[in-house]
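Derivation of every value follows stated rules applied to the coordinates shown; laboratory data play no part. Please read all numbers here as calculations on a predicted model, not as lab measurements.
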Amino acid sequence: MTDLPELLEAIRACRACRRVLPHEPRPVVQAGRGARILVIGQAPGSKVHASGRAWDDDSGDRLREWTGIDPATFYDPDRIAHMPSGFCYPGKGKGGDLPPRPECAPFWHDRLRAALPDVRLTLLVGQYAQKRYLPRHFAPNLTEAVHPWQEAPEGFFPLPHPAWRSRIWMAHHAWFETEVLPDLQARVRHVLKKDLPVG
C-alpha cells in the first residue's frame with residue numbers, strides 16, 4: 001500500500017522541471033486516503049501558483065458551481081482530491097498559459113491514484129486529462145468528449161475546462177447546462193453520500 005503522506009511530500013518537493021520553467025516549481029496537489037472524488041485538471045494558473053491552492057481562481061468558482069460542491073467540501077482532502085495533469089504552473093505562451101509539463105502525469109499519476117482507494121468519481125476537466133484517461137476514439141475534440149459523457153468509462157466524467165471561454169462554448173451547446181450538469185451534480189451527491197453540505 002502506498003504511503004500517501006510520503007508520496008504527497010515527494011510530489012510537493014519535485015523539482016524535475018526547474019530548468020525549463022520560468023519560475024521556481026511549486027507543485028499543487030491535494031489528497032486524503034478517504035477521498036471519493038478525484039479532480040484531474042490541466043495545470044495551475046498564475047493565481048493558483050501564487051496561493052498554492054488548487055482551483056483558487058475564477059475557473060475554480062465555475063467548477064464548484066458546476067459540481068454543486070461548496071468550498072469547505074471542495075478543499076477537504078478526505079473528500080475531494082486534486083491532481084492536475086501538470087502539477088506546476090507552466091508559464092505564459094502567446095495564446096495563454098502553456099500546456100502542462102509532460103513529465104508529471106507519467107511519473108506521478110498512477111502512484112497517486114493507487115494511493116486513493118476510495119475514489120468513485122474522477123472528473124476529467126479539459127482536453128489534457130481526457131486524452132490521457134479516455135479511449136483514443138472517444139475524444140477527438142472537446143465537444144465530442146463531453147457530449148457522450150454517459151458513455152465514458154465507468155467512474156470517469158469528462159468536462160470542459162471552466163475558464164471564461166467555457167461560457168462561449170456553453171452558449172452554443174445548451175445541452176451541457178440542461179443535461180450534463182444535473183447528472184454531474186446527482187453523481188457528486190451520490191458519491192459523497194448524504195454528508196454533502198448544501199451550498
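A few points about this structure:
- Computed lengthening from residue 70 to residue 16, 0.36 nm per intervening residue step minus Cα-Cα distance: 16.1 nm
- Multiplying the residue separation of residue 168 and residue 193 by 0.36 nm and removing their Cα-Cα distance gives an extension gain of 5.7 nm.
- Taking the chain as a Gaussian network of alpha-carbon nodes connected by springs under 10 Å, the highest mean-square fluctuation of the residues 106, 25, 158 belongs to 106.
- Size-normalised alpha-carbon gyration radius of the range 40-94, reference 2.2 N^0.38 Å: 1.13
- Around the amide H of residue 122, modelled in the peptide plane, lie the amide H atoms of 38, 156, 157, all under 5 Å away and 5 or more residues distant in sequence or on another chain.
- The Cα-based radius of gyration of the range 1-121, divided by its Kirkwood radius, gives an Rg/Rh of 0.95.
- Per residue Cα convex hull volume in Å³ - calculated over the range 103-199: 130 Å³
- Contact order normalised by residue count of the chain, Cα under 8 Å, 6+ apart, percent: 26 percent
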